[in-house]
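The next block holds one structure in the form of structure tokens; read it before the comments.
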Amino acid sequence: MALIVQKYGGSSVADADRIKAVRDRIKQTVCAGNQVVVVVSAMGKTTDGLVALAESVSANHDQTLNEIAAKEREMDLLLVTGEQVTIALLSMALQAAGQPAIAMNGSQVRVVTEPNHTRARILYVEPDRIKAELALGKVVVIAGFQGVTLDPATGLPSSEITTLGRGGSDTSAVAIAAAIEADICEIYTDVPGILTTDPRIVPKAQMLTEITCDEMLELASLGAKVLHPRSVEIARNFGVRMCVRSSWLDDAGTVITSPRIGTGNLKSLEVNRFVETVSIDYDQVKIALLQIPDHPGIASQLFKSLADRGINVDLIIQAVQETEGVNDIAFTIPQNQLQLAEVVTRSLEIGASLVTVDSNVAKISIIGVGMIGRPGVAAQMFTSLAEAGINIQMISTSEIKISCVIAATDGENAIAAIQKAFDVKVRSHQACEINSENISDISPVRGVALDRNRARIAVQQVPDRPGMAAKILEQLVEHNISLDMIVQSQSDRDVNEIAFTVAIADLAKAETALKQYAKVLGYGEVSCDGDISKVSIVGANMIHQSGIAARMFSALADANINIEMIATSEIKVSCVVRDHQAEQALKVIHQEFNLSGDRAIEVPSALKK
Ligand code: ADP
Ligand code: ASP
Ligand code: MG
């Protein structure tokens with residue numbers, strides 16, 4: 001007998017027929033001798049409908065931060081009703097079919113969260129009531145996406161209702177699975193599993209039978225909405241076995257592999273320590289090309305030439321420049337490839353005004369899980385470096401790692417500062433390895449993701465001195481705004497430009513916050529661009545092959561798509577492109593890495609529209 005958590009998303013419970021189909025699958029699972037806890041989403045597009053209703057009645061004026069907070073509380077009260085409808089109906093359907101069942105909302109189970117409305121993180125889930133009902137032979141049907149806060153006076157669950165953020169019922173399911181120590185958490189949706197990309201854009205995307213949690217975390221946080229990234233974070237931290245399957249099919253789906261076996265603390269599920277280790281790499285040289293023309297094909301030409309000579313490029317950063325029509329590109333390579341790389345770079349005729357080489361650099365990284373969703377972590381890293389008087393030359397962020405390029409002579413001080421700030425050990429990162437006999441058979445690019453909900457902000461004329469990146473980030477942290485793709489221009493002057501992307505929904509808030517502090521902090525214009533998208537490739541095997549980024553850039557150049565920002569980490573490359581070219585960008589990249597199969601994937605819920 002196994003204890004199984006099954007989560008059914010909105011499309012899987014969209015109408016009465018679908019609810020009955022779900023009922024049948026649950027009954028079968030029980031009949032096979034298992035105990036079943038079910039977590040459900042709101043039916044179909046109910047949540048979207050409720051959000052639209054809220055917008056239609058609330059005044060559309062510039063709100064103060066207090067007004068935003070008050071509205072967020074009521075928004076949570078409104079949105080949780082969606083899931084409540086589904087639990088009641090599904091439980092009734094099970095009972096009518098002779099299967100004892102009980103429906104419970106987040107408050108009845110006691111899914112306890114932090115007090116942040118619309119984006120609460122789970123502190124803990126009480127397992128007792130769920131287990132008591134299971135012991136009575138019932139299927140327990142729980143509303144996903146919702147919780148309650150703690151009463152600060154008593155320290156007990158209060159009646160104040162929160163939601164986890166859009167798409168959050170995946171996270172509820174995995175948190176519940178961790179709390180009751182389930183044998184597996186199955187996520188049922190409208191696609192057969194995790195695919196190489198979104199089949200709504202590339203119908204011949206292929207199924208992956210397994211994916212590492214690091215790859216899945218990156219894919220999900222880079223826009224593949226098939227899973228809420230926080231659910232993968234919990235699975236990784238608590239060693240929850242997890243798979244993604246279709247509720248229309250009996251196929252096995254995709255297994256998400258995790259190296260962990262339950263090291264987290266069940267009393268602080270989503271607020272565990274997120275920085276696990278710090279590492280430093282002195283084997284780095286930085287090459288920067290300043291003021292190169294901003295048109296398609298430049299990055300591709302540069303990185304293809306480097307790849308052709310077998311040069312392993314590590315970090316790549318391309319920043320926008322204040323001066324229209326030019327860009328800076330900087331990258332790092334291992335020391336022993338410097339001579340070759342320098343010859344290749346200098347011999348290219350791509351119109352750079354200056355090529356600089358700096359071999360006194362090191363890359364310091366903090367490694368953990370879920371750092372992008374917590375803007376305070378990067379800010380704390382930058383602040384601790386600034387307090388130690390260390391200037392940051394390049395920044396690269398990913399869901400599992402934040403790296404800064406600094407002067408090598410600052411290395412020891414940087415390590416000490418970061419160890420103090422995060423109380424962590426110096427260690428090399430334990431990556432989730434791909435479980436395959438023959439690693440060379442695995443494609444270096446496993447998935448391509450598109451995020452159309454991002455906007456770019458560029459802060460211009462930032463004085464080039466320690467602490468500026470930290471100060472800018474702190475303004476955003478204060479308003480709970482997450483950012484990624486933080487890139488700094490490599491200027492030869494004493495001012496830099498810092499650019500990054502934020503969720504479109506946070507753009508106005510971020511702009512106001514940053515403009516307020518321009519004078520105090522001494523930076524110039526804050527320019528915003530909501531018309532961009534981010535396209536990314538992810539693969540744990542990418543580090544074993546050179547030239548992967550170059551192929552991505554070439555595919556975009558061949559399609560005449562200009563790359564406006566680039567940021568890389570070991571297992572991903574992200575590019576910012578114009579939004580109207582986003583889908584085409586995704587398609588040409590998917591094609592470049594031969595990721596399509598020969599059969600179109602059916603998305604049943606899309607067919608119905
Ligand atoms: P649910 O309602 O079950 O939670 P979602 O709509 O949140 O489902 O997520 C499933 C959708 O995710 C699919 O219909 C698909 O369009 C989209 N998707 C995006 N990227 C991927 C990917 N790499 N693999 C599978 N599905 C993806
Ligand atoms: N119903 C919520 C949403 O649409 C939560 C979820 O489906 O995961 O965002
Ligand atoms: Mg979902």
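Structure values in brief
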{"read-out": "Semi-axis lengths, Å, segment 269-380, gyration tensor of Cα atoms, sqrt of 5 times eigenvalues", "value": "31, 18, 12"}
{"read-out": "Estimated inter-spin distance, Gln95 and Ile442, nm [label 7 Å along Cα→Cβ]", "value": "4.7"}
{"read-out": "Cα coordinate range in segment 310-366, projected on the principal axes (Å, largest first)", "value": "34, 33, 20"}
{"read-out": "Label-point gap, in nm, between Lys225 and Gln584 - each point 7 angstrom along Cα→Cβ", "value": "2.4"}
{"read-out": "C-alpha center-to-center spacing [segment 183-235, segment 32-87] in angstrom", "value": "23"}
{"read-out": "Mean separation of Cα contacts under 8 Å, 6 or more apart, over the residue count of the chain: relative contact order %", "value": "14"}
{"read-out": "Top positive-direction residue, dipole computed over the chain with Cβ charges, set Val191, Ser596, Leu208", "value": "Val191"}
{"read-out": "Using a Förster distance of 35 Å, the FRET efficiency for Gln63-Val85 (Cβ separation, nearest 0.05)", "value": "0.75"}
{"read-out": "Debye, to nearest 20: dipole size of segment 65-120, +1 on Lys, Arg Cβ, -1 on Asp, Glu Cβ", "value": "140"}
{"read-out": "Built amide H within the under 5 Å cut-off of Tyr124, gap 5+", "value": "Val112, Leu269"}
{"read-out": "Ellipsoid semi-axes in whole angstrom, largest first, where each is sqrt(5λ) of the Cα gyration tensor of segment 445-587", "value": "29, 17, 14"}
{"read-out": "Reciprocal mean inverse distance between Cα atoms of segment 21-120 - Kirkwood radius, Å", "value": "15.9"}
{"read-out": "The chain: Rg to Rh, with Rh as the Kirkwood radius over Cα pairs", "value": "0.97"}
{"read-out": "Links that overshoot a 32 Å alpha carbon limit, given the list Lys7/Lys572; Lys20/Lys225; Lys27/Lys71; Lys20/Lys204; Lys509/Lys534", "value": "Lys27/Lys71"}
{"read-out": "Asp183/Asn480 FRET efficiency (R0 30 Å; Cβ-Cβ; nearest 0.05)", "value": "0.25"}
{"read-out": "Chain lengthening between Val357 and Asp17 when straightened (0.36 nm per residue, less Cα-Cα)", "value": "116.0 nm"}
{"read-out": "Over the chain: helical MRE at 222 nm, DSSP H runs n ≥ 4 each giving -39500 (n - 2.57), nearest 500", "value": "-10000 deg cm²/dmol"}
{"read-out": "With eigenvalues of the C-alpha gyration tensor scaled by 5 and rooted, segment 148-278, Å", "value": "28, 17, 14"}
{"read-out": "Lysines with Cα under 20 Å of Lys420, excluding same-chain neighbours fewer than 8 positions away", "value": "Lys363, Lys401, Lys471"}
{"read-out": "Segment 135-195, Rg to Rh (Cα coordinates; Rh as Kirkwood inverse mean 1/r)", "value": "1.05"}
{"read-out": "Radius of gyration, Dmax [segment 73-167; alpha carbons; angstrom]", "value": "13.8, 44"}
{"read-out": "Arg309-Gln108 pseudo-label distance in nm [points 7 Å out on the Cα-to-Cβ vector]", "value": "6.8"}
{"read-out": "Inter-part distance where segment 479-558 and segment 314-363 are each reduced to a Cα centre, Å", "value": "18"}
{"read-out": "Stretch gain in nm, segment Met1-Gln28, where the contour uses 0.36 nm per residue and the Cα spacing is subtracted", "value": "8.4 nm"}
{"read-out": "Length released on extending from Asp250 to Thr512, taking residue separation times 0.36 nm less the Cα-Cα span", "value": "89.3 nm"}
{"read-out": "About the Cα centre, charge dipole magnitude for the chain (Lys/Arg +1, Asp/Glu -1 at Cβ), debye", "value": "1320"}
{"read-out": "Cβ-derived FRET efficiency at R0 56 Å, Glu387 paired with Ala135, nearest 0.05", "value": "0.55"}
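Each value in this text was obtained by applying a stated rule to the coordinates, not by laboratory testing. Computed from a predicted structure; not experimentally measured. All Cβ positions, even for glycine, are placed from backbone atoms using ideal geometry, and neighbour counts span all protein chains on display.
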